[in-house]
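Visitor: This structure is in structure tokens; I'll ask about it shortly.
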Amino acid sequence: MTEEAEAPIVKTLAWTVPLSIIITVAWTAFIGWTPGAFLDMVKFQDIPCIGPYFLIGLVFLLALIIPPIRNVIGPKVLVYMYMVSGVSWAFAGYRYPWADYAGTFIQGRLRSLWADYIPSWWAPPKEVIENTIYYGGRAFIDPVWWPSIFGWALLHLTLFFSFLFGFNIIRRIWIDIERVPFVMIEGLTPIFEGYRELRSGGGLGTKAKILLASIPVGFFVMLPPYLRMVVPWFPDIYGWSVTPHFWGGGWYDLGSAAPALSGVIAGPFGVCDNPAMFAIAMLTPWNIQFSIWMWNVILYYILPTIAAYMGYYPGMLENTSYRVCSRRAWQIANQPPFFLEAFGNVGVLSTIVLMPLILNWRVVLATIRCALGIATPKEQEEYEKGEPFSYRVSWIGFIVSTLAAIAWYLAAGTTIIPAILAVFSASLWIWGYTRQYAFCATFNSAGYAHGYTWLKLYWPSGDVLPPQNSPELFVVTRPIDSFQGNCYGQGVGGALFRTGDSYKLAFNEKLSYRNTFIVVAVTAVVAAFTGLITMHTLMATVGWMNMPVGKGGFGAPTPSAWDSRPVSGPWIPVAVAGAITCAVVAFLHFRFVWFPLEPVGLVLGAARQFTYLGYAFNFFVAWVIKGLVLKIGGAKAYEDYVLPFVAGFLIGYGFTIFITQMLGMFYQLGWIAV
């Protein structure tokens, strides 16, 4: 069967919009009924990466069983399905729409400290909230909630379109010049190859057979711990619910389990033993794998041990009690002499965003020249050929969307400088996360430790911070605490991840970048509103208090907390040191092919959360396995055997999540007894 031509965009949107609605409605409802332990695993590492694999794998299996499907769904349609599902899942998670909206809009009105100060369109009065969403019983969403729904969606969408138009501007740098891998897309290669073989009718090759064989492996390997989370009596085969594991998931506190080791080496010793994380780590390029674990060893084990024996971190080596990993990671990241929160997650993170633009300044300048109409005809043709739009359109879209995001903060009650810094902070964090995700399908979130850093340029200390009940303080800091500094790959952050995935797919599959832009943009708008409408429908009919999903955090930082972020000490010199270190590493990596360390590895190696969750261990094991495969069988062995196995494993993992998620929802609804 010949490869189908790319369909007109109107025809593509005719099915992508309904697909986005179905995914967003279904998964928002699933999350609303998700038990807590399961939710910790879903929100941390699974759905932003695995959901689209599940959908593509499901289509592949159905096409294998039902031949007419192969004729209806061609490879290019399958590619767009991946794009749509990825962006849709970003707006159908725990953080968006559930916890961040509730923790910002609703909880802000419920707490007396802010109830009289936050904007009227954020949420109705407390008594109206209690009457309209607490206990359900209504047929539809009360109209009083529509300003709130539109307000929250518009904050995300103005930022997202700033990022989307921004990606148009840097697409040539990331995709064409640097060839940024977007490693989850690499895993799709054997899936699409197998699907084309299936459509050709010539039989499946070795890669496709390995892919199919590994799907049940992923399903059954990951089934026991997830079944345990939704069925309390199921045996804890992996021991994830007992110490020294923590949070009910695959995170192991090796430091408290091996005091003889942690008593002499001042390292966190967090280990992740979730098999899926080893599979995801395998997709990462070999040099990035090495860079991640090597930087982590240097920054969290070698240097802190030397510092501890020099008198820093008093009592660290003696205290080997439970949760050594998180306690020590916090000490090393926030205390002298290294202040790694400021070094890595401010200085290095900012630089990995800016350095590619600096190293490719001629390309950036050319986009500006094209936008201003001062480029030569030859230059304009060279740079704009094949792009989604002219650079003038992309720059105008970027500027207008960014100004719209700033205007949102102004409408919510902030003054101009905090509004600008809030949008700048969100942009810098989320672009930094996207850079990390592109290389290794994981990232370190700014979170509560240093999300406010750039606002400290305006409010340098707690002494000059507005009062805690200040609407400006609440409006600016709540989104940073939630989806901007701590996005977990959901909401606008996850949507930008999937924008990168989509442009990488368009590059690989030779699809129209303009059509890709339109599909991603329309999907984002549809999913952003659909997720919120679905959530509010459930709250109106079932009742917010009758659902097990988390109700979200709330609050604004105290002066003492403000002074301790990003670290309890001078953060600017350390952040500058991190930026310089990252710039030097980036230059050496750019200039010398043999230089083994890489900036993304530096930011993850310096990351506190990434460290105590033990993800460096996954990348070390993956580095060893991948190195052996490349040494013995070469790149062909990896592409022919390892990559199909990993792809199939992740598809099987997606089936595990989907089935156990449904079981959990049915159990919460009382439809099944377990």
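Visitor: Determine if the stretch 332-342 includes at least one residue that is in a helix (DSSP H, G or I), farther than 25 Å from TYR437 by Cβ and among the charged types (D, E, K, R).
Guide: The answer is no; no qualifying residue exists.
Visitor: Determine which single condition THR453 fails, assuming it passes every other condition in (1) within 23 Å of THR158 (Cβ to Cβ); (2) open to solvent by less than 30 Å² (accessible area, probe 1.4 Å); (3) at pLDDT below 85; (4) not small (Gly, Ala, Ser).
Guide: (3) is the only condition that THR453 fails.
Visitor: What number goes with the only condition from (1) over 21 Å from ILE191 (Cα atoms); (2) assigned to a helix (DSSP H, G or I); (3) open to solvent by 40 Å² or more (accessible area, probe 1.4 Å) that PHE645 does not pass?
Guide: Tallying (1) over 21 Å from ILE191 (Cα atoms); (2) assigned to a helix (DSSP H, G or I); (3) open to solvent by 40 Å² or more (accessible area, probe 1.4 Å), PHE645 fails exactly one: (1).
Visitor: Taking helices (runs of 4 or more DSSP H) that do not extend beyond the stretch 551-627, which have at least 2 residues that are over 27 Å from MET277 (Cβ atoms)?
Guide: 559-563, 571-591
Visitor: Can you tell me which residue among ARG95, ARG109 is touching a Cys at 6+ places or on another chain (Cβ under 8 Å) and open to solvent by 10 Å² or more (accessible area, probe 1.4 Å)? Lay out the reasoning, then the answer.
Guide: Values: ARG109 fails: touching a Cys at 6+ places or on another chain (Cβ under 8 Å).
Every option except ARG95 fails the conditions.
Visitor: When the stretch 102-150 is examined, which residues are found to be among the charged types (D, E, K, R) and in contact (Cβ under 8 Å) with a residue 40 or more places away in the chain?
Guide: ARG111, ARG138, ASP142
Visitor: Filter the stretch 492-551 down to residues that are within 14 Å of ALA92 (Cβ to Cβ) and among the polar types (S, T, N, Q) and give me whichever is nearest to the chain's Cα centre (by Cα).
Guide: The selected residue is THR523.
Visitor: Being under 17 Å from ALA616 (Cα atoms) and open to solvent by 20 Å² or more (accessible area, probe 1.4 Å) is the filter here; which residues of the stretch 238-264 pass it?
Guide: TYR252, LEU254
Visitor: To continue, here is another question. Are any of the residues in the stretch 654-667 assigned to a helix (DSSP H, G or I), open to solvent by less than 50 Å² (accessible area, probe 1.4 Å), of a type in the set (Ser, Thr, Tyr) and within 26 Å of TRP247 (Cβ to Cβ)?
Guide: The answer is yes; a qualifying residue exists.
Visitor: When the stretch 600-638 is examined, which residues are found to be open to solvent by 10 Å² or more (accessible area, probe 1.4 Å) and touching an Asp or Glu at 6+ places or on another chain (Cβ under 9 Å)?
Guide: Within the stretch 600-638, ARG608, TYR612, PHE617, GLY633 qualify.
Visitor: Condition (residue is of a type outside the set (A, V, I, L, M, F, W, C), out of contact with any Phe, Trp or Tyr (no Cβ under 8 Å at 6 or more places or on another chain), free of Cβ contacts under 8 Å to residues at least 12 places away in the same chain and outside any helix (DSSP H, G or I)) applied to the stretch 238-245: is it met by at least one residue?
Guide: yes
Visitor: Out of the residues in the stretch 361-392 that are touching a residue at least 60 places away in the same chain (Cβ under 8 Å) and out of contact with any Ser or Thr (no Cβ under 9 Å at 6 or more places or on another chain), state the one that is least open to solvent (accessible area, probe 1.4 Å).
Guide: VAL363
Visitor: Exactly one condition in (1) closer than 14 Å to ILE292 by Cα; (2) open to solvent by 60 Å² or more (accessible area, probe 1.4 Å); (3) without any contact (Cβ under 8 Å) to a residue 24 or more places away in the chain is not met by TRP671; state its number.
Guide: (1)
Visitor: Then there's this: Residues of the stretch 88-127 being of a type in the set (Val, Ile, Thr) and touching a helix residue (DSSP H, G or I) at 6+ places or on another chain (Cβ under 6 Å), which ones? Reasoning before the result, please.
Guide: Pass one, the stretch 88-127, residues of a type in the set (Val, Ile, Thr): 104, 106, 118.
Once the filter is applied, which keeps residues that are of a type in the set (Val, Ile, Thr) and touching a helix residue (DSSP H, G or I) at 6+ places or on another chain (Cβ under 6 Å), the stretch 88-127 yields THR104, ILE118.
Visitor: Which of the residues that make up the stretch 133-178 are of a type in the set (Ser, Thr, Tyr) and closer than 24 Å to THR402 by Cα? I'd like the intermediate steps shown before the answer.
Guide: Here is the first cut: in the stretch 133-178, the residues of a type in the set (Ser, Thr, Tyr) are 134-135, 148, 158, 162.
SER148, THR158, SER162, listed by residue number.
Visitor: In this structure, does TYR433 turn out to be of a type in the set (Ser, Thr, Tyr), open to solvent by less than 30 Å² (accessible area, probe 1.4 Å), touching a Gly at 6+ places or on another chain (Cβ under 7 Å) and in a helix (DSSP H, G or I)?
Guide: It is true that TYR433 is of a type in the set (Ser, Thr, Tyr), open to solvent by less than 30 Å² (accessible area, probe 1.4 Å), touching a Gly at 6+ places or on another chain (Cβ under 7 Å) and in a helix (DSSP H, G or I).
Visitor: Restricted to the stretch 305-327, and to residues that are within 29 Å of the chain's Cα centre (by Cα) and under 22 Å from GLY601 (Cα atoms), which residue is most open to solvent (accessible area, probe 1.4 Å)?
Guide: Of everything passing the filter in the stretch 305-327, SER326 is most open to solvent (accessible area, probe 1.4 Å).
Visitor: In the stretch 459-546, which helices (runs of 4 or more DSSP H) lie fully inside it and hold 3 or more residues that are modelled with pLDDT of 90 or more, among the polar types (S, T, N, Q) and within 30 Å of ARG111 (Cβ to Cβ)?
Guide: 513-541
Visitor: Can you go through ALA153, ALA208, ALA213, ALA139 and tell me which one is part of a helix (DSSP H, G or I) and loosely packed, with under 15 Cβ neighbours inside 10 Å?
Guide: Values: ALA153 fails: loosely packed, with under 15 Cβ neighbours inside 10 Å; ALA208 fails: loosely packed, with under 15 Cβ neighbours inside 10 Å; ALA139 fails: part of a helix (DSSP H, G or I).
Unique residue meeting the criteria: ALA213.
Visitor: Another question about this same structure. I'd like the full set of residues that are more than 30 Å from SER214 (Cα to Cα), assigned to a helix (DSSP H, G or I) and of a type in the set (Ser, Thr, Tyr), limited to the stretch 279-331. Let's see the steps before the verdict.
Guide: From the stretch 279-331, those more than 30 Å from SER214 (Cα to Cα) are 294-331; that's our starting set.
Those left that are additionally assigned to a helix (DSSP H, G or I): 294-309, 324-331.
Selection gives TYR300, TYR301, THR305, TYR309, SER326.
Visitor: Please find, within the stretch 402-417, the residue that is modelled with the lowest pLDDT out of those that are buried (at least 17 other Cβ atoms within 10 Å of the Cβ), part of a helix (DSSP H, G or I) and in contact with a Gly (Cβ under 9 Å, 6 or more places away or on another chain). Steps first, answer last, please.
Guide: As a first pass, look at the stretch 402-417 and keep what is buried (at least 17 other Cβ atoms within 10 Å of the Cβ): 402, 404-406, 408-409, 412-414.
Next cut, part of a helix (DSSP H, G or I) only: 402, 404-406, 408-409.
Then drop every residue that is not in contact with a Gly (Cβ under 9 Å, 6 or more places away or on another chain), which leaves 402, 408.
Details: THR402: 98, TRP408: 94.
So the residue we want is TRP408.
Visitor: Do we have ILE399 as surrounded by fewer than 18 Cβ atoms within 10 Å (Cβ to Cβ), touching a Ser or Thr at 6+ places or on another chain (Cβ under 9 Å), within 30 Å of VAL600 (Cβ to Cβ) and among the aliphatic types (A, V, I, L, M) here?
Guide: yes
The values are calculated or read from the model by the stated rules, or taken from the named source; none is laboratory data. Every value quoted in this text rests on a predicted model; they were computed, and no experiment measured them. Neighbour counts are summed over all protein chains in view; Cβ atoms, including those assigned to glycine, are modelled from backbone coordinates with ideal geometry. Areas reflect the complete protein model, heavy atoms only, side chains present, ligands, DNA and RNA absent. Shrake-Rupley method; radii C 1.70, N 1.55, O 1.52, S 1.80 Å.
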